[in-house]
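The structure appears below as structure tokens.
Each value in this text was obtained by applying a stated rule to the coordinates, not by laboratory testing. All figures in this text were calculated on a predicted structure; none of them were measured in a lab. Note that each Cβ is placed from the backbone with ideal geometry, even for glycine, and that neighbours are counted across all protein chains shown.
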Amino acid sequence: MKYTTFDKAFKAIERIEGWFTRDEASVLYPFVRNLIVDSHMVEVGTWKGRSTTFFHLINPFIKITTVDIKDRGFKHEHVEKKIMANDMYAHELIMANQKADFVFIVCLDACHDYEAVKEDIATWEVLTRLGGHIAFHDYEPNHPEVMRAVDEWLENNQSFEVVAKANHILIAKRI
Ligand SMILES: C[S@@+](CC[C@H](N)C(=O)[O-])C[C@H]1O[C@@H](n2cnc3c(N)ncnc32)[C@H](O)[C@@H]1O
């Protein structure tokens, strides 16, 4: 296994259907690429594995768990896939006392609303390690409820600080 460059990794995922853009990938790239060996990354929202495959290619030495509520056939020998019913997967992680170094929350049509984003934050913030990051997708004016939920959360907590905000992605670090 070896690291794949940004350009080669993005080229490789172009054939996989999905919404993950080059601009979005460029914001996430340094964070995921810099995770040390055996770090744990959780992605919430697999779809067909476009972003998941990108993360694996740019850093094949981390453990990636990708979670979805529906199985669309994505399989990868180095990526663990979980199908989640409600918050059962988060619950399993809490029971196992495992935390993630990086959580990528992929908002989607079903969860762009304020309450759903708040619920996702509540579920995943407790599973993010100190020094770890949560990245929110769709943090942009066309999704005002995503922005409102994330902004209110940031205003009211001292445990996360924003370290990147560009190209529809906001990344907060647990401090
Ligand atoms: C926009 S797609 C993900 C795109 C994908 N990351 C890519 O690169 O193409 C959003 C996915 O989130 C899943 N999803 C919706 N609600 C969810 C939830 N509460 N937990 C986990 N996955 C969820 C949907 O089934 C869908 O596959």
Cβ pairs under 6 Å, 6+ apart or interchain, first in the stretch 51-62 and touching a residue at least 60 places away in the same chain (Cβ under 8 Å) and more than 13 Å from residue 15 (Cα to Cα), second away from the ligand (no atom under 14 Å from the Cβ) and not aromatic (Phe, Trp, Tyr), ordered by first then second residue, are 61/37
Across (1) surrounded by 14 or more Cβ atoms within 10 Å (Cβ to Cβ); (2) of a type outside the set (A, V, I, L, M, F, W, C); (3) not in a helix (DSSP H, G or I), residue 80 clears everything bar (1)
Across (1) at negative phi; (2) of a type outside the set (A, V, I, L, M, F, W, C); (3) touching a Lys or Arg at 6+ places or on another chain (Cβ under 9 Å), residue 91 clears everything bar (3)
If we keep only residues of the stretch 130-161 that are more than 16 Å from the ligand (Cβ to nearest atom) and in a loop (DSSP other than H, G, I, E, B), then the residue nearest to residue 40 (Cα to Cα) is 159
Going through the stretch 108-129 in order, the residues found to be among the hydrophobic types (A, V, I, L, M, F, W, C), within 18 Å of residue 69 (Cβ to Cβ) and either within 11 Å of the ligand (Cβ to nearest atom) or part of a loop (DSSP other than H, G, I, E, B) (or both) are 108, 110, 111, 116, 117, 124, 127
Per the filter on the stretch 155-175, residues over 19 Å from residue 19 (Cβ atoms) and among the β-branched types (Val, Ile, Thr) are 162, 163, 175
Here the residues within the stretch 142-158 that are exposed (fewer than 13 other Cβ atoms within 10 Å of the Cβ) and polar (S, T, N, Q) are 142, 156, 158
Taking the stated definitions as given, is residue 26 small (Gly, Ala, Ser), under 19 Å from residue 168 (Cα atoms) and more than 10 Å from the ligand (Cβ to nearest atom)? yes
Flagged in the stretch 24-45 as in contact (Cβ under 8 Å) with a residue 24 or more places away in the chain, part of a helix (DSSP H, G or I) and out of contact with any strand residue (DSSP E or B) (no Cβ under 8 Å at 6 or more places or on another chain), in numbering order, are 25, 26, 29, 33
